[in-house]
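Written out below as structure tokens is the structure these notes cover.
The values are calculated or read from the model by the stated rules, or taken from the named source; none is laboratory data. As the structure is a prediction and not an experimental result, all values here were calculated from the model. We place every Cβ from the backbone using ideal geometry, glycine too, and count neighbours over all the protein chains shown. Surface accessibility is based on the protein's heavy atoms, side chains included, excluding ligands, DNA and RNA. Shrake-Rupley method; radii C 1.70, N 1.55, O 1.52, S 1.80 Å.
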Amino acid sequence: MPESGAGGPVVLVEEAADRTVVTLHRPDVRNAINEAMVRELHDVCARLEDRPRLLLLTGAGGTFAAGADIGELRERGRDQALQGINSRLFDRIARLPLPTVAAVDGYALGGGAELAYACDVRLASPSARFGNPEPGLGILAAAGACWRLRDLVGASVAKQVLLAGRRLDAEEAHRLGLVAEVVPSAGLLTRAHALLDRMSRSGALALRLTKLVADAPGGHPVVDDLAQAVLFESGDKDARMDAFLAGERVATPGRTS
Ligand code: COA
């Protein structure tokens, strides 16, 4: 295992044909997101943009991530804030071509929560805690929480988290739709992989265009029609529909028989 300090990697990356698994790995500081981690996550993004695959993001040692590294934040000024160090990374993750899943065990605070909010789907263990304590440090949650969290749970709850320090535990996050499912810690990654397996059975181009259209800021239904026009001309669509019509059901995602 690489060390989380002393210049070793701070994210562990496992690559498979259809997915990449990334584990944030600075367990001694609760996976606090430092400059090296930002750089390594950008490298992962570059590879996924180049060769699209699903992404599973998780944290080592029973924590997802306890936010940006406060030691580094303490030294940053206006110019670093304007660089959007975390916000640009999380935007890049949000725009990855294929779906992303965050498996959240333990704390997801500050930038750690914002990283989870930037993923397409979140699964949580019972110990998961989502929160944005940034104002308590004299700053604002500037890497997505002020708008992504509102989109995910509504303005009222988002403001309780952002302005009143409310932490959402796993059950609350599930009830509010922030997480898809609460799974015991020991089975969390297995469940996340099962979710990716299901996604993986869909057409990759169909998933990619669905994500683009679902995240499109406007232009509906024109953008939906354009994406569908591309898919209607794809050989994958013909093959999948021919298989269905021939009575083969296995290629259709979500079916159990
Ligand atoms: N940045 C830098 N270091 C951090 C960190 C962060 N965001 N979060 C935790 N750490 C470090 C602690 O300083 C401590 O280091 P030490 O062992 O050298 O003292 C170590 O990680 C363990 O943290 P500790 O607070 O002892 O663990 P805990 O399990 O009792 O509590 C948290 C975990 C996540 C609740 C607590 O660490 C915390 O509140 N962290 C800050 C969260 C935050 O404000 N994030 C927003 C940043 S913008």
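Values computed for the structure shown
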| item | result |
| --- | --- |
| Matching option when the condition is open to solvent by less than 40 Å² (accessible area, probe 1.4 Å), closer than 27 Å to ALA17 by Cβ and touching a helix residue (DSSP H, G or I) at 6+ places or on another chain (Cβ under 7 Å), among VAL230, VAL179, VAL213 | VAL213 |
| Unique match (being of a type in the set (A, V, I, L, M), within 15 Å of the ligand (Cβ to nearest atom), free of Cβ contacts under 8 Å to residues at least 60 places away in the same chain and in contact with a helix residue (DSSP H, G or I) (Cβ under 7 Å, 6 or more places away or on another chain)) among ALA145, ALA128, ALA116, ALA158 | ALA145 |
| Filtered residues of region 81-109 (kept if part of a helix (DSSP H, G or I) and touching a Leu at 6+ places or on another chain (Cβ under 9 Å)) | ASN86, LEU89, PHE90, ARG92, ILE93 |
| Output for region 27-53, where each listed residue is more than 8 Å from the ligand (Cβ to nearest atom), farther than 18 Å from TYR117 by Cβ and in contact (Cβ under 8 Å) with a residue 40 or more places away in the chain | GLU35, HIS42, LEU48, GLU49, PRO52, ARG53 |
| Sole residue being surrounded by 14 or more Cβ atoms within 10 Å (Cβ to Cβ), within 16 Å of the ligand (Cβ to nearest atom) and on the phi > 0 side of the Ramachandran plot, chosen from GLY111, GLY84, GLY106 | GLY106 |
| Odd one out for PHE130, checked against (1) over 11 Å from the mean Cα position of the chain (by Cα); (2) open to solvent by 60 Å² or more (accessible area, probe 1.4 Å); (3) more than 18 Å from ASN34 (Cβ to Cβ) | (2) |
| Some residue of region 217-227 being under 21 Å from the mean Cα position of the chain (by Cα), under 28 Å from LEU123 (Cβ atoms) and open to solvent by less than 60 Å² (accessible area, probe 1.4 Å) | no |
| Residue in region 241-248 that is in a loop (DSSP other than H, G, I, E, B) and open to solvent by less than 60 Å² (accessible area, probe 1.4 Å) present | yes |
| Filtered residues of region 148-173 (kept if within 16 Å of SER127 (Cα to Cα), in a helix (DSSP H, G or I) and open to solvent by 80 Å² or more (accessible area, probe 1.4 Å)) | GLU171 |
